[in-house]
Structures are given as C-alpha cells and as structure tokens.
There are 2 protein chains.
Amino acid sequence: MSEFGGFIQDEVANDELDRIEAAYGPLAAAVRELVDATIRSTVPPEEAALALAEVEAVVKRLRAQQMPGPAGVRFNSEGRAWNWGNAVVGLRNAIAPPLEIVHVRSGLAHANVDLGAAYEGPPGLVHGGATALLLDHIMGETAAAAFTRVTFTGTLTMVYRRGTPLGPLRLDARIDREEGRKVWVVASIGDEEGPTVEAEGIFIIPRWAT
Amino acid sequence: MSEFGGFIQDEVANDELDRIEAAYGPLAAAVRELVDATIRSTVPPEEAALALAEVEAVVKRLRAQQMPGPAGVRFNSEGRAWNWGNAVVGLRNAIAPPLEIVHVRSGLAHANVDLGAAYEGPPGLVHGGATALLLDHIMGETAAAAFTRVTFTGTLTMVYRRGTPLGPLRLDARIDREEGRKVWVVASIGDEEGPTVEAEGIFIIPRWAT
C-alpha cells in the first residue's frame, strides 16, 4: 500500500472487493436497524442487558482483525475507488443513511433518502445539523464536478425555511457559477411540499490542482 | 401520555427512567463500538456473514416491543425531560457521539468530544458536514439560554479554516448579541492548535413564546 495526499493505493482485486462488499454491506444495513431498534425498543432492562452481551460478542468477532485507524479513501490500479467509512455515503458506515447521489451531469446532482428515528432533532423532525451534514456532502460532490476534480469546502450557509419532517426527502444541488478557483454551489433538501432548508456553498479548487 | 407542540408528557417515574438508562445507555455505547468495528474490521466475508446473523437476532430481540415512531422529546411531572433519540446528544442513539455539553452559564457553552472512524469524510479528517451537525446542536442549545426558552435555527454560516482531524476536539459557543426575537450565536470546533471551523447562526424566538 502507498499513499498520495491521504488517498491510499490498496491493491485489492475488484472481485475480492465485490465479495467484501457483498458481506459487509448487508452487515452495515443490519447495524443501521440495530441503531434504530436501540432507540425505539421498549423491552425491559433485563432484555436490553442480554442484547448488550450479544452486541459485545459481535464486536469481539469483528475486532479479531481490523485496520489500525479510520478506513480512509482507497483505490486500486484497476480503476476502482472506495470510501466505505464515509459518514454520509459509506457502504460500511451505519451512521451514513447511506446517501445515494445521482450525478445527472457534471455540476448537477440529486438524491432521495428516507430518514428515520436516528436522525431526529426536534420532536418528529430531522435534526437541523443532520440536514447540514447531507447538504454539505452532496454540495461537495457537485462542486467536484462528479469526481473530475478536487475541491474543499470554503464556506457554507444554510437557511432554514421550516422544520424537515422525518421520512422520505429529496436533495438537489447544482453549480451556480465559477470564478477562478472558486465554485458556488446551491442546494436544498425538502419534502413533497418543497424545500425546507436551502444552502449555498463556496468551494475552493486547491492551487496545486490547477 | 399527552402531547404539547411535539413534546410528550410521559409519566414514567424517575427511578424507572434510571433503570432504563442504566441498561440502554451501555447498549447504545456497545452499538457505537459495533458501528466502528463494521467499518474497520478485516475479518473474512464468512465471519462478517456470521456477524450479520447475530446482529439480526439482536434486532429481533429489541423489536419484540417498540415505540411506533421516533422517540421524540419527553418529560414527566417530576420535572425530568429526556431526548434519548437525539442525533447529537441522544443517550440511546448510536449515531450521536454523544456530545456532552457544559453550560457554563446562560449563553456560554463548550464540549469536548473524541470523533472516530465513523465521522470520517476526507481521509483522516472529520466530515465537514459532521462538524456542521455538532456545531448546529451546541449553537441551538446556547441560543436557548441553557433550556430557559425555545429557539429555532434561522440561518447558519460555517467558515472552514482547515481540515478537522479525527480524534479529540473541542467546541465553544456563545451568544454574541440579541435583537427582538433574534439571537446571534458564534461558535467553533477545533483541535489543540485552534479552530478548524467557525460558525455564526441566527436563531429565532417564536412569536408564541414571547
């Protein structure tokens, strides 16, 4: 393995990556269910204590062999890249919904997501910070012109129009304009009645990448 | 149970709440470990498949009895309130670090947090949206003057100074000024070398609360 600016070249063959994803993807999906059940369960404390022992056993099984640190972003020379640990889109990260972003074309993206109990802030509503988490991510990918260049978030402004209900939601993002190394992206998240939060971000193309 | 503006009056006695928290708090902590292990494990796919079956069994145990929807924010007439499902501070939410906020006085707060692999965005760094998630929350609690009033987020602006490393971090928030029903809050998150992200938010006191 070698590293370039934090991106790790990791020569795992594509068919082996497929096998890992086929096992760990469903595991992460089950852990998402467990996160939800841990919040919403009303079984007696004695049952929760049994669940605790069971979860600890699974953790022990998985930690028998593990990476020394975070997963990072990896790629192989067959042209595949993977970021399983990403907090918003990571296949193996149970914190990530995960968001599945559709890049219609460079600079135009959208996503549909269904947010449950784990994303709650005010009663029945999505946590305002969770909407910011998802918006930041889709805007960053949009600024990067569907992965054809590197950009960093400069500033991000969110305007909260009304509460965002838990349940099915849609995100939209597009590049508004560009000027030198700066890229302006506008985005929104909302329900079937329209946007609940609107965002504008300025993303920076680093000097070394131009 | 009755409901006021989404806040649910739920007459569970304090000693029963203590027993529930003593069982479910450690369970959620173990699920946080499981989230991390699911990202970082390198055990073979066959082992991950065994883990999947075990996690599904725990989910089944917990879902034997559960709330019909999200947890919401609840209170009893003994003066206790709990929001176990909150995405940032929820004791029973494995997505929440959880953030433990110290209110020094009304309008001044800070928190220490240690963010691991589950909060990664760029390689080795905290996801920019995850910093926004935590900042939004501490700013909201600060605007609410340590829970003495209700406020809603109006706008939130984040300026990204540099990447936020995974590991131990500190957040600071304070009320900058107030004008009518508007409250300006400034905040930052950073490491031992100083702030990595600075934020300003305008929070609104609803007309019905004045």
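The values are calculated or read from the model by the stated rules, or taken from the named source; none is laboratory data. Note that this is a predicted model, so its numbers are computed, not measured. No Cβ is skipped: glycine too gets one built from the backbone with ideal geometry, and neighbour counts run over all protein chains shown. For the accessible areas, the whole protein counts, side chains as well, though only heavy atoms, and no ligand, DNA or RNA atoms are used. Shrake-Rupley method; radii C 1.70, N 1.55, O 1.52, S 1.80 Å.
The portion of the accessible surface of the range B:96-209 made up by carbon and sulfur, rounded to a whole percent, is 52 (1.4 Å probe; DNA, RNA and ligands excluded).
Taking θ as phi - 60° and the Karplus parameters 6.51, -1.76 and 1.60, the scalar couplings of the range A:128-135 work out to x, x, 6, 5, 5, 4, 5, 4 Hz in sequence order, x denoting glycine and proline. Comparing B:P98, B:P195, B:P70 in a Gaussian network model of chain B, where Cα atoms under 10 Å apart are tied by springs, the biggest mean-square fluctuation is seen for B:P70.
Buried surface for the A/B pair, taken as the accessible area of each chain alone minus that of the pair with a 1.4 Å probe, is close to 7300 Å² in total. The range B:96-119 and the range A:86-117 have their alpha-carbon centroids 26 Å apart.
With no solvent and one equal point scatterer placed on each C-alpha of the protein assembly as shown, evaluate the Debye formula and give log10 I(q)/I(0) for q = 0.07, 0.10, 0.12 Å⁻¹, two decimals. The Cα Debye sum returns log10 ratios of -0.32, -0.67, -0.99.
Shown in residue order for the range A:102-119 are the 3J(HN,Hα) couplings computed by the Karplus curve 6.51 cos²θ - 1.76 cosθ + 1.60 at θ = phi - 60°: 9, 8, 4, 7, 3, x, 9, 9, 8, 7, 10, 8, 10, 9, x, 3, 6, 9 Hz (x for Gly and Pro). Panel values: chain B, Kirkwood radius from alpha carbon pairs, Stokes-Einstein at 10 °C and 1.306 mPa s, translational diffusion coefficient 83 µm²/s. The chymotrypsin sites (Phe, Trp or Tyr not before Pro) of the range A:92-157 meeting both criteria, a DSSP state outside H, G, I, E and B (loop) and at most 11 other C-beta atoms within 10 angstrom of the site's C-beta, are A:F147. Estimated translational diffusion coefficient (Stokes-Einstein, Kirkwood radius over Cα pairs, 37 °C, 0.692 mPa s) of the range B:96-209: 232 µm² per second. When you filter the GluC sites (Glu not before Pro) in the range B:125-208 for DSSP loop state and at most 15 other Cβ atoms inside 10 Å of their Cβ, you are left with B:E192, B:E193. The mean accessible area for residues of the protein assembly as shown, using a 1.4 Å probe and ignoring ligands and nucleic acids, is 43 Å² per residue. For the range A:138-178, a crude dipole built from +1 on the beta carbon of Lys and Arg and -1 on the beta carbon of Asp and Glu, taken about the Cα centre, is about 160 debye to the nearest 20.
Ordering of A:27-35, A:88-96 by packing is A:88-96, A:27-35, highest average first (other Cβ atoms within 10 Å, averaged per residue). For A:L115, nonlocal amide neighbours, meaning residues 5 or more places apart or on other chains whose placed amide H falls under 5 Å from its own, are A:G167, A:L169.
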